[in-house]
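Written below as structure tokens is the structure these notes are about.
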Amino acid sequence: MSSFSKTNLQNIKDIFEEKTGAELVSRRRPIGVSVLMAAVMVCCLTTTAFAVSLFSSLDGDDLSLSATYEGNGLVSIQVENRSNKNLSFQPQLRLMQWSTAEEIVPTSGETVFSGTEFGAHTSGVMTVDLSQAYNMDVLEQPLTDDHYYFVLTNNNFVFGQDWMCSVSFAEPIKTVVETPLPIPAAEADRELAAQIMEELRPYFETYPANIDERREAAGSYLQKCQELLTTLDRDVVPAVEAPLAIDGLNPEVIFDGTAPLETQHWLTGLHWRSLDGYGIPVGSTEGERALVLSAYVPQHKGEVDGGVDIPLLYFLTYNVKDIQSPEDIAFIHGQLMTFGELEQYKVYEDEQYVCYEVTDLFYTNLRQHTESMVSQRSDIYFDEQIWRRVENIYNYYKDRDVLNSRFYYNLPTE
């Protein structure tokens, strides 16, 4: 280790004097390096202990703040200290605007605090006078779907013990957001609606907003299906839920350039479902399920993972032993199809199962389908960037060469 120079020693001496307030008198024989370093360490430990004695950390759940603007720049803050520690607010704050997260800089003067001490398990009111520090004429202008908030502290905003407290200086202007009317399946895809069995078409032409009504409609739909299918001269082969899955880990595939490469697979989902996106059964019996590959779209602008799933691709799987002839019939989404006709949709087959990608029997126009799904929810953020994400996922998995290499058995581990 290099020896200490006079400059090093002088710096250490300065630190010691700053921390302790005691002056080190220069003598002919300099203080030993080890002695001086030990003194500084003691000083630092003492200072830290002193800081801890002044600073008592609180969990966020232990403190409740509620601000009320009284007018003329005066704000009263109701404080509830639920912790077993005494709380002392420092007479300083930051005033922030919620939508921009930017601080409102004081114009002049100082903010005046009163009632900043709160004992353990007590509550009270702290008052803050902003009239000398901020332009209240500006702050009292109504904001549109926005508000201000205080950041309060008990340790100079250093130790992370800062608390947010919303405050409004005027009644905010709230924009009325109209919930879009859901688009029924038949309206979203007229071409496909023409292929639906006439007796079942009314179920595709309405979309009950109430979930109980949708369940009732699904039950009525299945009952109607059974009535219709009893008139056939052959049995309908039911779809089955098989231990098949599609590998979603695509290390080099970019669905959305705004999301990190390692999280691209978070933008897709895979589920077994008995209903389509409109609440209509995928088959003719309650037990039939489709394997549905979905795209996740955000609920708020800027989110790149999670959110609401939009069903994109539908897969129906059948037991090979249940299919005796190409003329055997499957019932899919209100349509009767022979397995000979389904051959064009086949994407996987082994000795036990055969799987068909039958998305074209659920919708024919991706953009219309996506916008229809979005219209059912008021908590989805959707723009052209998100549309490209959906389109990329659809095009990637719609590729038969991709699908042929991505099926695998998803067996439970013992």
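The values are calculated or read from the model by the stated rules, or taken from the named source; none is laboratory data. This structure is a prediction, so every number in the text was calculated from the model and none was measured. Every residue, glycine as well, gets a Cβ built from its backbone with ideal geometry; the counts of neighbours run over all protein chains shown. Protein only, heavy atoms only, side chains kept; ligands, DNA and RNA dropped before computing areas. Shrake-Rupley method; radii C 1.70, N 1.55, O 1.52, S 1.80 Å.
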With ARG234 itself left out, Lys, Arg at +1 and Asp, Glu at -1 over residues whose Cβ is under 9 Å from its Cβ give -4
Taking a ≥ b ≥ c as the square roots of the eigenvalues of the Cα gyration tensor, with a/c under 1.5 meaning rounded and otherwise prolate when a/b exceeds b/c and oblate if not, the range 315-362 is oblate
Judged on accessible area alone, 1.4 Å probe, highest first, HIS369, HIS147 line up as HIS147, HIS369
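Defining a contact as two alpha carbons under 8 Å apart and six or more residues distant in sequence, what relative contact order in percent does the range 98-142 show?
Numbers: 37 pairs, mean separation 18.9, N = 45.
That works out to 42 percent.
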Yeah, the range 200-352 with a ≥ b ≥ c from its alpha-carbon gyration tensor (a/c under 1.5 is rounded, else prolate when a/b outruns b/c, oblate otherwise) is oblate
For the range 90-245, shape from the Cα gyration tensor axes a ≥ b ≥ c, cut at a/c of 1.5 then a/b versus b/c, turns out prolate
For LEU74 and LEU232, extending 7 Å from Cα along the Cα-Cβ vector and measuring point to point gives, in nm, a value of 8.0
Residues whose modelled amide H sits under 5 Å from the amide H of VAL308, counting only those 5 or more places away in sequence or on another chain, are VAL297, GLN299
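Which value, in debye to the nearest 20, gives the size of the charge dipole of the range 75-137 about its Cα centre, when Lys and Arg are +1 and Asp and Glu are -1 at the Cβ? Present the calculation step by step, with values, prior to reporting the outcome.
Values: 3 positive and 7 negative charges, 63 e Å.
Value, rounded to 20: 300 debye.
Only loop residues by DSSP count here, and only those with at most 11 other Cβ atoms within 10 Å; note down the GluC sites (Glu not before Pro) in the range 314-359 that meet that.
On the way: sites: GLU327, GLU341, GLU343, GLU349, GLU351, GLU357; in loops: GLU327, GLU351.
When the GluC sites (Glu not before Pro) of the range 314-359 are filtered for loop state and at most 11 Cβ neighbours within 10 Å, GLU327, GLU351 remain.
With +1 assigned to the C-beta of every Lys and Arg and -1 to the C-beta of every Asp and Glu, and no other charges, what is the dipole magnitude of the range 301-414 about the Cα centre in debye, to the nearest 20? The partial results should precede the final answer.
Working: 10 positive and 21 negative charges, 68 e Å.
It works out to roughly 320 debye.
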Partner aspartates and glutamates whose C-alpha sits under 15 Å from that of LYS174, ignoring same-chain residues fewer than 8 away, are ASP145, ASP146
Scoring the range 294-414 by relative contact order with C-alpha pairs under 8 Å, at least six apart, yields a percentage of 27
